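> Before we start, here is the structure in question, set down as structure tokens.
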Amino acid sequence: NLEIELLKKEQDFRREFIGNIAHELKTPIFTVQGYVLTLLDGEIEDQKIIKKYLKQTSKGVDRLIYIIKDLDLITKFESGIATLNNKPFDIISAIRNVFELLEMQALENKIVLKFDKDYPNPIVVNADEERIHQVLTNLIVNSLKYGVKKGITEVSVELLTENKILVRIADNGEGIDEEHLPRLFERFYRVDKTRNRNQGGSGLGLAIVKHIIEAHDEKILVESESKVGSEFSFSLTLDKK
């Protein structure tokens, strides 16, 4: 009975995953198809409209590429193909770089990006710098998407043990109901399907974050409360050489 129950759950999960990926791909494919067919009809002669349609087609293609790249990355991690290039780097500097990268988006969303305090000295960890940069970017982008106007996204780094630190990304945004937390890192799982799809993204950001952190043999945690805010945190190993 237990095995039958597990098989049913796996079938349900597979069915939901296929439905989700079909939905994610359908919108950009139909967008591209619609504009291309309209242009192929040859009835539009206004160059401004033609250029506008080509730009929209390009956006649809970019979204497809974005989804496929993220799926490919997850597949590589799950199959053990993706390798890590671990080396010492300053996590404080990496966070500052992400702040600079997302400065314009934060201004548009009227959200302040900041550290919880001054970090005058480097904190050197041993990890894959490019992948951790991706983790920080994905988590901070999420906090900006679902933050509140005049809100705050705050990053802190604290010592856990002699050789471990914890990086926290906290915000005072919309927050997430407790019922959604266990499934938050699943591929294509969205708390509010309509609103989140309108926000863009592949729906794979948190799944990628989880795979990258676990590939480092580290932990990722989430705490959230609706209308109060969210905090994502992950551990990293200090470089003691």
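> Of these, I49, I74, I95, which one is closer than 30 Å to I152 by Cβ and not acidic (D, E)?
Numbers: I49 fails: closer than 30 Å to I152 by Cβ; I74 fails: closer than 30 Å to I152 by Cβ.
After ruling out the rest, the residue left standing is I95.
> Something else about it: Which of (1) closer than 23 Å to E218 by Cβ; (2) open to solvent by 70 Å² or more (accessible area, probe 1.4 Å); (3) out of contact with any Asp or Glu (no Cβ under 7 Å at 6 or more places or on another chain) does P122 not meet, given it meets every other one?
The one condition P122 does not meet is (3).
> To continue, here is another question. Within the range 210-232, how many residues are in contact with a strand residue (DSSP E or B) (Cβ under 9 Å, 6 or more places away or on another chain), over 17 Å from E186 (Cα atoms) and assigned to a strand (DSSP E or B)?
Within the range 210-232, the subset in contact with a strand residue (DSSP E or B) (Cβ under 9 Å, 6 or more places away or on another chain) is 210, 212-224, 229-232.
Filter once more, so that each one left must be over 17 Å from E186 (Cα atoms): 216-218, 229-231.
Retained after the next criterion (residues that are assigned to a strand (DSSP E or B)): 229-231.
Count: 3.
> Turning to a different aspect of this structure: Name the residues in the range 202-219 that are out of contact with any Ser or Thr (no Cβ under 7 Å at 6 or more places or on another chain) and open to solvent by less than 40 Å² (accessible area, probe 1.4 Å), would you?
Within the range 202-219, the first condition is being out of contact with any Ser or Thr (no Cβ under 7 Å at 6 or more places or on another chain), and the residues that meet it are 202-217.
Hits for the range 202-219 are S202, G203, L204, G205, L206, A207, I208, V209, I212, I213, H216.
> Which pairs turn up if I take residues in the range 177-193 that are at pLDDT 75 or above and look for partners that are aromatic (F, W, Y) and surrounded by 18 or more Cβ atoms within 10 Å (Cβ to Cβ) with beta carbon separation below 9 Å, at least 6 apart in sequence or on another chain?
H180/Y189; R183/Y189
> Now for a different question. List the pairs whose first member sits in the range 83-94 and is closer than 9 Å to P122 by Cα, whose second member is among the aromatic types (F, W, Y) and surrounded by 15 or more Cβ atoms within 10 Å (Cβ to Cβ), and whose Cβ atoms are under 7 Å apart, counting only residues at least 6 apart or on separate chains?
I92/Y119
> Within 28 Å of F188 (Cα to Cα) and among the small types (G, A, S), is that true of S93? If you could, list the steps in order and put the result at the bottom.
Numbers: within 28 Å of F188 (Cα to Cα): no; among the small types (G, A, S): yes.
So S93 does not fit the description; no.
> Of all residues in the range 144-169 being assigned to a strand (DSSP E or B) and of a type in the set (G, A, S), which is surrounded by the most Cβ atoms within 10 Å (Cβ to Cβ)? Spell out how you get there, then give the answer.
From the range 144-169, those assigned to a strand (DSSP E or B) are 151-161, 164-169; that's our starting set.
Then drop every residue that is not of a type in the set (G, A, S), which leaves 151, 156.
On the way: G151: 19, S156: 17.
Taking the candidates together, the pick is G151.
> Which condition number in (1) touching a Gly at 6+ places or on another chain (Cβ under 9 Å); (2) open to solvent by less than 50 Å² (accessible area, probe 1.4 Å) is the one that L64 fails?
Of everything listed in (1) touching a Gly at 6+ places or on another chain (Cβ under 9 Å); (2) open to solvent by less than 50 Å² (accessible area, probe 1.4 Å), L64 misses just condition (1).
Let's see how each residue does on (1) aromatic (F, W, Y); (2) over 28 Å from I212 (Cβ atoms); (3) open to solvent by 80 Å² or more (accessible area, probe 1.4 Å); (4) part of a helix (DSSP H, G or I):
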site: I21; (1), (2), (3), (4): no, no, no, yes
site: V36; (1), (2), (3), (4): no, yes, no, yes
site: L39; (1), (2), (3), (4): no, yes, no, yes
site: I49; (1), (2), (3), (4): no, yes, no, yes
site: L54; (1), (2), (3), (4): no, yes, yes, yes
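> Still on this structure: Residue by residue through the range 79-98, note down the ones that are surrounded by 14 or more Cβ atoms within 10 Å (Cβ to Cβ) and of a type in the set (V, I, T).
I91, I92, I95, V98
The values are calculated or read from the model by the stated rules, or taken from the named source; none is laboratory data. The model shown is predicted, which means the values in this text are computed figures rather than measured ones. Neighbour counts are summed over all protein chains in view; Cβ atoms, including those assigned to glycine, are modelled from backbone coordinates with ideal geometry. Ligands, DNA and RNA are stripped out before the accessible areas are found, and what is left, the full protein with its side chains, is counted by its heavy atoms. Shrake-Rupley method; radii C 1.70, N 1.55, O 1.52, S 1.80 Å.
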